[in-house]
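*Asks:* Here you go, one structure.
The values are calculated or read from the model by the stated rules, or taken from the named source; none is laboratory data. Only a predicted model underlies this, so the values are computations on that prediction, with no experimental measurement involved. Every residue, glycine among them, receives a Cβ derived from its backbone with ideal geometry; neighbour counts consider all protein chains shown.
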2 protein chains.
Amino acid sequence: MTETAVSTRPVTARTLTDKLVAARAASITLATATADLKNSALRAIAAAVAAGAERIIPANERDLENGRSNGLSVALQDRLRLDEDRLAALASAVVEIAAIPDPVGESVRGRTLPNGLRISEVRVPFGVVGAIYEARPNVTVDIASLALKSGNAAVLRGGSAAENTNRVLVELIQEAIASVGLPADSVQTIDEFGREGARELMQARGLVDVLIPRGSASLISTVVLESKVPVIETGAGVVHVFLDESADEEWAIAITHNAKVQRPSVCNALETILVHRASAARLLPAVLGRLRASGVTVHGDRATLDLFADAELATEEDWSTEYMSLDVSVRIVDDLDSAIEHIRQYSTHHTESIVTNDVISAERFLAEVDSAVVMVNASTRFTDGGEFGFGAEVGISTQKLHARGPMGLSELTSTKWIVRGSGHVRG
Amino acid sequence: MTETAVSTRPVTARTLTDKLVAARAASITLATATADLKNSALRAIAAAVAAGAERIIPANERDLENGRSNGLSVALQDRLRLDEDRLAALASAVVEIAAIPDPVGESVRGRTLPNGLRISEVRVPFGVVGAIYEARPNVTVDIASLALKSGNAAVLRGGSAAENTNRVLVELIQEAIASVGLPADSVQTIDEFGREGARELMQARGLVDVLIPRGSASLISTVVLESKVPVIETGAGVVHVFLDESADEEWAIAITHNAKVQRPSVCNALETILVHRASAARLLPAVLGRLRASGVTVHGDRATLDLFADAELATEEDWSTEYMSLDVSVRIVDDLDSAIEHIRQYSTHHTESIVTNDVISAERFLAEVDSAVVMVNASTRFTDGGEFGFGAEVGISTQKLHARGPMGLSELTSTKWIVRGSGHVRG
């Protein structure tokens, strides 16, 4: 490993603007770095993380200790914790990112114009990607690696709860990047500037090209509303499955159960089952019985309670709650139109699925439901970059601009137009 | 023409929120309207504009009269003016939009996953598109037609200077849309709410999906910085041509002349000529002589003045000024690196071109200059949706998110993922 700026220049002596300017400078080098070189850096990062327990775990323990004294919840403490197994898993995720094709330089479209001018639109890095997240040191390694692979510099604000862990992780990452001859400033933390640093990052239009918030709904909403830098919103999911009049009973049971129970704490898990009135008596007892048997609490409307006694009465709040737990809300609706209307009112436009054997219902649902992912006869759990074959999971966008639905590496790029002429002038 | 809500419900009785809610409702119908139906509406709009002089021109004269009393510049008065010829041109532009293929429903990518699930990403309308612009009634017809074609409702804030003209134009457009059975609320003006209306529009996250500012740099920058609704920025161009050491003299003369003189008031016109020191004496006298002969004022650095006496000394401000006039700035640089460095510092990242015979210089310029459009041996005037073959000109984006460079109709759409299964659950 060569000696670089990392070791000779103390990080804390730099202002936030210094760091952003340095990230911008690094991004210029990264933009034209070859895939081979970027992949070497990624493999060096993986090796450093896998072998870095001695430096990482003591720092992580300091964060955990602070968390305990500050009353951090047990769930957040668990997210914060890194051990040998988790470091190995993190490292192997980075090796996988190295194996994905480089999106930079991909030609998106192109043609020769009638006048002979050759034009093509090619993928280029954004430049500097900012990330704001909370108490998840794995995101530090994850975002840094995805940014690097896509030719972007990364500026990370990981929150005070993980500050010690993140500082060590970023040091290891910088040393690894420098060891292959790329700029150490390609990845930086701004945790030392606290909340004020996050605010400054959101104002840094021109120095930061895009900002990705990761974490609670309130963190994401703050960034979306306050940032002057363009944001890619990876949002919460209030996810619906509609059981149509013709829904196959086995599929209805399997899809609702898988969507709710397989991993209830994630954004593509099911929140609300809507059931066509004409099939409610046929389907609900079995569907809800199966969920109940797996420990799911059912919050039903009055009509549901008539068919399934082992349920609580749903409140208005239930229809717009992302549970992240073994809870499900159930509403009996008059028809497909009422189902679509309910979804329009309460959905966060993440993922919705219809279970039906009726081709007209299927096509109407696909056309009229305005969500990032709309499904027929499939579990909502499939809304996932890995499942879609993207190789890497950058997040699931619920906005309409730039990227919608599961985001792969190409969603971390912009494009530019290349035009080649021979003295062409416009007539 | 059928009687519709347009004639029975006075527009002024509605609040701004009423109008946005109505636009949202209309957008649901538009999203699944066939291309045939949308094209019929466009042809009805074209006919109404072409035949509408009796209603449009008196309203336009009132705006012009107000403009004169309020001291509106002659240039802005000219932009504001509509006459029979301009109405005919506007109408024929709408007919051309009707002829472009519908972007909605286009499959962007898709595949069958290893588990048999079929996924495809298809283009869908954004929903409601807002536009904020100034004193250009042609933009009213233009944006309304582009939005309609791409299945979006449009909410227009066209500024007080054109308020009477825009009101009549929107009435005609609404009548035309309603005449084919689409919702009149698909296109609405909010001019009657004044500046406060523009501010409310920028806050209407959830009701408006994307906002497009059109006009002066200060208007665009206000919208970009204040809007909570996502913005597509169509920005100003500080445009560069670099004459490399090996530049062909004929090409250097033709390209700089075309880029500067053919239409100096547009964003893809040339601002700054950078010249390699080794070719300055060979190229500048002829290049600048030709420009001077066409009435161009040359603002040169000291080294330029030594080679071309008929020039003014450039100030620091010249390097970052978008002239929109027959002015050009000229700087002699040491090499390609200095040229790229100058562009990095002063460009608005719209369009830059290199004139060179050296393949290494050409490839380096294309790779290292980070602008929406980067050219070799071609006039910067080619950065244009029409020239690129897009059929319609939505604007030229200088941002990196969502769209970059000339925008066609597909840039007025989002996408959604369609997933088709047969009872698929995740293992």
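*Asks:* Residue check, A:PRO406 against (1) in contact with a Ser or Thr (Cβ under 8 Å, 6 or more places away or on another chain); (2) more than 8 Å from every other protein chain (Cβ to nearest Cβ), all met but one. Which one?
*Replies:* Answer for A:PRO406: the failing condition is (2).
*Asks:* Same structure again: Tell me, yes or no, whether the range A:163-176 has at least one residue that is at pLDDT below 95 and touching a strand residue (DSSP E or B) at 6+ places or on another chain (Cβ under 8 Å).
*Replies:* no
*Asks:* Next question, about the same structure. Within the range B:205-227, track down each residue that is surrounded by fewer than 24 Cβ atoms within 10 Å (Cβ to Cβ) and within 14 Å of B:LYS19 (Cβ to Cβ).
*Replies:* The one that is surrounded by fewer than 24 Cβ atoms within 10 Å (Cβ to Cβ) and within 14 Å of B:LYS19 (Cβ to Cβ): B:LEU207.
*Asks:* Which condition number in (1) out of contact with any Lys or Arg (no Cβ under 7 Å at 6 or more places or on another chain); (2) among the aliphatic types (A, V, I, L, M); (3) within 7 Å of another protein chain (Cβ to nearest Cβ) is the one that A:VAL394 fails?
*Replies:* For A:VAL394, the exception is condition (3).
*Asks:* I would also like to ask the following. Out of the residues in the range B:200-244 that are hydroxyl-bearing (Ser, Thr, Tyr) and farther than 14 Å from B:MET407 by Cβ, state the one that is farthest from the chain's Cα centre (by Cα).
*Replies:* B:SER227
*Asks:* Of the numbered conditions (1) within 14 Å of another protein chain (Cβ to nearest Cβ); (2) surrounded by fewer than 21 Cβ atoms within 10 Å (Cβ to Cβ); (3) not in a strand (DSSP E or B), A:GLY151 fails exactly one; give the number of that condition.
*Replies:* Going through the list (1) within 14 Å of another protein chain (Cβ to nearest Cβ); (2) surrounded by fewer than 21 Cβ atoms within 10 Å (Cβ to Cβ); (3) not in a strand (DSSP E or B), A:GLY151 breaks only (2).
*Asks:* Now, a different point. What is the number of the single condition among (1) under 21 Å from B:LEU146 (Cα atoms); (2) within 14 Å of chain A (Cβ to nearest Cβ) that B:ALA48 does not meet?
*Replies:* B:ALA48 satisfies every listed condition except (2).
*Asks:* Can you tell me which residue among A:GLN188, A:GLN174 is assigned to a strand (DSSP E or B), out of contact with any Phe, Trp or Tyr (no Cβ under 8 Å at 6 or more places or on another chain) and over 24 Å from B:VAL210 (Cβ atoms)?
*Replies:* Only one candidate passes the filter, namely A:GLN188.
*Asks:* Could you pull out the residue among A:PRO114, A:PRO125 that is within 11 Å of chain B (Cβ to nearest Cβ) and under 19 Å from the mean Cα position of the chain (by Cα)?
*Replies:* Result: A:PRO125 is the single residue among A:PRO114, A:PRO125 that is within 11 Å of chain B (Cβ to nearest Cβ) and under 19 Å from the mean Cα position of the chain (by Cα).
*Asks:* Return the total of residues in the range A:228-266 being more than 10 Å from chain B (Cβ to nearest Cβ), closer than 18 Å to A:SER397 by Cβ and surrounded by 23 or more Cβ atoms within 10 Å (Cβ to Cβ).
*Replies:* Of the residues in that region, 3 qualify.
*Asks:* Say whether the condition of being touching a residue at least 12 places away in the same chain (Cβ under 8 Å) and either at the interface with chain A (Cβ under 7 Å from one of its Cβ atoms) or under 26 Å from B:ALA93 (Cα atoms) (or both) is met by at least one residue in the range B:328-350.
*Replies:* yes
*Asks:* Then there's this: Go through the range A:329-360 and report how many residues are part of a loop (DSSP other than H, G, I, E, B) and surrounded by fewer than 24 Cβ atoms within 10 Å (Cβ to Cβ).
*Replies:* 7
*Asks:* Considering only the range A:366-389, how many residues are free of Cβ contacts under 8 Å to residues at least 24 places away in the same chain and more than 8 Å from chain B (Cβ to nearest Cβ)?
*Replies:* Number satisfying all stated conditions: 2.
*Asks:* On to the next question. Restricting to the range A:128-141, name every residue that is in contact with a strand residue (DSSP E or B) (Cβ under 9 Å, 6 or more places away or on another chain), more than 11 Å from chain B (Cβ to nearest Cβ) and of a type outside the set (Gly, Ala, Ser).
*Replies:* The answer is A:ILE132, A:TYR133, A:GLU134, A:ARG136, A:VAL139, A:THR140.
*Asks:* Given the structure, is B:SER279 crowded, with 17+ Cβ neighbours inside 10 Å, free of Cβ contacts under 8 Å to residues at least 40 places away in the same chain and either over 30 Å from A:GLN399 (Cβ atoms) or not assigned by TED's automatic domain parsing to the domain that holds B:ARG290 (or both)?
*Replies:* So B:SER279 passes the test.
*Asks:* Given the residues A:SER73, A:SER107, A:SER69, which is the only one that is out of contact with any helix residue (DSSP H, G or I) (no Cβ under 6 Å at 6 or more places or on another chain) and within 14 Å of chain B (Cβ to nearest Cβ)?
*Replies:* A:SER107
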